[in-house]
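Colleague: Pasting a structure below so you can have a look.
The values are calculated or read from the model by the stated rules, or taken from the named source; none is laboratory data. Keep in mind that what you see is a predicted model, and the values were worked out from it rather than measured. No Cβ is skipped: glycine too gets one built from the backbone with ideal geometry, and neighbour counts run over all protein chains shown. Each accessible area value is taken on the protein alone, full model and side chains, heavy atoms only, with ligands, DNA and RNA left out. Shrake-Rupley method; radii C 1.70, N 1.55, O 1.52, S 1.80 Å.
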Amino acid sequence: MNKDEELIRKKSPVQIRNKKASFEYFFIETYTAGIVLTGTEIKSIRLGKASLVDTYCFITNGEIWVRGMSVSPYFYGSYNNHEMKRDRKLLLTRREIQKLFSATKQTGYTIVPLLVFIDEHGRAKMDIALCKGKKEFDKRQTLKEKEDKREMERVRKRF
């Protein structure tokens with residue numbers, strides 16, 4: 001990821017994060033994918049009405065899908081409103097999908113959505129990562145590092 005892409009993510013008015021992902025997994029490789037959405041879904045996402053809690057990605061027939069992503073129904077939508085929790089197709093290159101597919105064949109590896117954001121053209125994008133699950137002692141180590149960082153910030157603010 002280069003600096004321009006980071007800047008786009010920071011400037012995006014919508015940033016829907018999967019906060020538990022960094023606690024549960026080690027990130028090995030990250031990708032940015034487009035999302036295939038209906039009209040009312042993109043309107044809800046632009047309003048920030050989506051959630052990545054308990055989401056994961058899976059690959060079938062050479063296509064990558066996200067399951068469990070919750071997008072609230074659009075308030076002004078009529079009978080055309082979308083389903084709240086449906087599988088949504090992600091757009092990646094064939095080479096990237098093949099790489100992820102071969103990596104997830106190994107035990108302990110999975111694909112997890114990290115962030116949904118709106119790019120400079122108004123399209124919804126999703127950052128996904130190839131992840132390896134953390135063990136219990138890894139989670140304790142992560143919490144300890146987080147507490148140490150907070151303590152160092154407190155000490156720095158005092159002086």
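Colleague: Within 13 Å, Cβ to Cβ, of VAL66, how many net charges do the neighbouring residues add up to if Lys/Arg are +1 and Asp/Glu are -1? Intermediate results must be reported in sequence, preceding the final value.
Modeller: Values: positive: ARG67, LYS85, ARG86, ARG88, LYS89, LYS125; negative: GLU41, ASP54, GLU63, ASP87, ASP127.
Value of the local net charge: +1.
Colleague: Expected output is a single nm value to one decimal: the length gained when fully extending between GLU147 and LYS99, i.e. 0.36 nm times separation in residues minus the C-alpha distance. What is it? Don't skip to the answer; put the middle values down first.
Modeller: On the way: separation 48, 0.36 × 48 = 17.28 nm, distance 3.58 nm.
Result for the pair: 13.7 nm of gain on full extension.
Colleague: In Å, what Kirkwood hydrodynamic radius results for the chain from the alpha-carbon pair distances?
Modeller: Values: mean 1/r = 0.0580 Å⁻¹.
This gives a value of 17.2 Å.
Colleague: Another question, then. Ordering PHE26, PHE137 by how much accessible area each has at a 1.4 Å probe, largest first, what is the list?
Modeller: Working: PHE26 90, PHE137 125 Å².
In descending accessible area the options line up as PHE137, PHE26.
Colleague: Also: Which whole-Hz couplings ³J(HN,Hα) result when phi for each residue of the range 79-95 is put into the Karplus expression 6.51 cos²θ - 1.76 cosθ + 1.60, θ = phi - 60°, listed in order with x for Gly and Pro?
Modeller: Couplings: 5, 7, 4, 8, 6, 5, 10, 10, 6, 10, 7, 9, 10, 9, 6, 4, 5 Hz.
Colleague: Hey, quick one: spin label on ASP87, modelled 7 Å out along Cα-Cβ, who in the range 46-63 has an amide N within reach, i.e. under 20 Å?
Modeller: In the range 46-63, the label zone of ASP87 (backbone N under 20 Å from the point 7 Å along Cα→Cβ) covers 51-63.
Colleague: Right, here's the next one. Helix-derived [θ] at 222 nm for the chain: sum -39500 (n - 2.57) over DSSP H runs of at least 4, divide by residue count, nearest 500? Don't jump to the answer; show the numbers that get you there.
Modeller: On the way: 5 runs with 55 residues, N = 159.
Calculated from helices alone, the mean residue ellipticity at 222 nm is -10500 deg cm²/dmol.
Colleague: Residues with amide H under 5 Å of TYR25's amide H, sequence separation 5 or more or different chain, H placed in the peptide plane at 1.01 Å from N; which?
Modeller: The answer is LYS134.
Colleague: May I pose another question? Using only the heavy atoms of the protein chains and a 1.4 Å probe, how would TYR74, TYR31, TYR79, TYR56 rank by accessible area, largest first? Please list the in-between numbers first.
Modeller: Values: TYR74 45, TYR31 20, TYR79 195, TYR56 95 Å².
From most exposed to least exposed: TYR79, TYR56, TYR74, TYR31.
Colleague: I would also like to ask the following. Write down the accessible area per residue of the chain in Å², having rolled a 1.4 Å probe over the full set of protein chains.
Modeller: Heavy-atom accessible area per residue stands at 68 Å².
Colleague: For labels at SER70 and PHE58 in the simple 7 Å Cα→Cβ model, what's the distance in nm?
Modeller: The answer from the label model is 2.0 nm.
Colleague: By how many nm would the segment from TYR79 to LYS139 grow when fully extended, if each residue of separation counts as 0.36 nm and the alpha-carbon distance is taken off? Display every interim value, and only then the final one.
Modeller: Working: separation 60, 0.36 × 60 = 21.60 nm, distance 4.50 nm.
Separation in residues times 0.36 nm, less the Cα-Cα distance, equals 17.1 nm.
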